[in-house]
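Data first, discussion second: the structure below is written as structure tokens.
The values are calculated or read from the model by the stated rules, or taken from the named source; none is laboratory data. All values reported here derive from a predicted model rather than from experimental measurement. Don't worry about glycine lacking a Cβ; one is built from the backbone with ideal geometry, like all the others, and counts go over all protein chains shown. Just the protein is used for accessible areas: all its heavy atoms, side chains included, with ligands, DNA and RNA removed. Shrake-Rupley method; radii C 1.70, N 1.55, O 1.52, S 1.80 Å.
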Amino acid sequence: VATLITLDDTILMHLPNEEAFIGRHNTRSLPYRAYAASKGENKRAGLVSGPSIENGMETLFAFTPSEKLPFVAVIGQQQSNILAGWRDRTFSLCVAGGIVLMLLIAFGSHLWRSTRSLADASNFYHGLFNGVSDAVLVLNADGRIVGNNARALKLFDASSETALLGKEPAALIIE
């Protein structure tokens, strides 16, 4: 809403619905009453909130008198429209945040299950590796021992679990 009001509250211009308001006197209009109440305080401009004369909707009005001409400029915006963009953006952000949260929960759940499955597999193979009745040596690409089971320690009479690590299997054979 944009309106020009004379100092005696005659509407000079009103957008939208110009023809319905031009020439009308409405001393009950909220912006005019706020302006009239502020005249004694020499206020230059002000804000007031209340129902619009056009549709009765809660509206935020800003008014300012002209310094050289005998009228007051008033603009108004329905309060529901002021927050509409913010509401839409906030709703969109909440939806996006909810989707991200659901994806994080799904990913975390999948990661937990995968970790649990990997731990179970590791325990299975560790038990198999140590439970076999034969000596087992694990070699790296250079042919050096990087792992062994308890039976290999016993076979090669090793003093500790790390005694065979780093050696070549040929060095363990007693002639």
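Kindly indicate which of Leu69, Leu60 is in contact with a Leu (Cβ under 8 Å, 6 or more places away or on another chain), hydrophobic (A, V, I, L, M, F, W, C) and free of Cβ contacts under 8 Å to residues at least 40 places away in the same chain.
Result of the check over Leu69, Leu60: Leu60.
I'd like the full set of residues that are open to solvent by less than 100 Å² (accessible area, probe 1.4 Å) and of a type in the set (S, T, N, Q), limited to region 114-133.
Selection gives Ser114, Thr115, Ser117, Ser122, Asn130, Ser133.
Mind checking which residues of region 140-155 are touching a strand residue (DSSP E or B) at 6+ places or on another chain (Cβ under 6 Å) and either assigned to a helix (DSSP H, G or I) or surrounded by fewer than 13 Cβ atoms within 10 Å (Cβ to Cβ) (or both)?
Once the filter is applied, which keeps residues that are touching a strand residue (DSSP E or B) at 6+ places or on another chain (Cβ under 6 Å) and either assigned to a helix (DSSP H, G or I) or surrounded by fewer than 13 Cβ atoms within 10 Å (Cβ to Cβ) (or both), region 140-155 yields Asn140, Ala152.
In region 43-70, which residues are open to solvent by 90 Å² or more (accessible area, probe 1.4 Å) and either in a loop (DSSP other than H, G, I, E, B) or modelled with pLDDT under 80 (or both)?
Lys43, Arg44, Leu47, Glu67, Lys68, Leu69
Could you give every pair whose Cβ atoms fall below 6 Å, whose first residue belongs to region 1-13 and is outside any strand (DSSP E or B), and whose second residue is of a type in the set (S, T, N, Q), counting only separations of at least 6 or pairs across chains?
Matching pairs, first to second residue: Asp9/Thr27.
Answer with yes or no whether Ala73 is surrounded by 11 or more Cβ atoms within 10 Å (Cβ to Cβ), at pLDDT 80 or above and either among the aliphatic types (A, V, I, L, M) or touching a His at 6+ places or on another chain (Cβ under 8 Å) (or both).
yes
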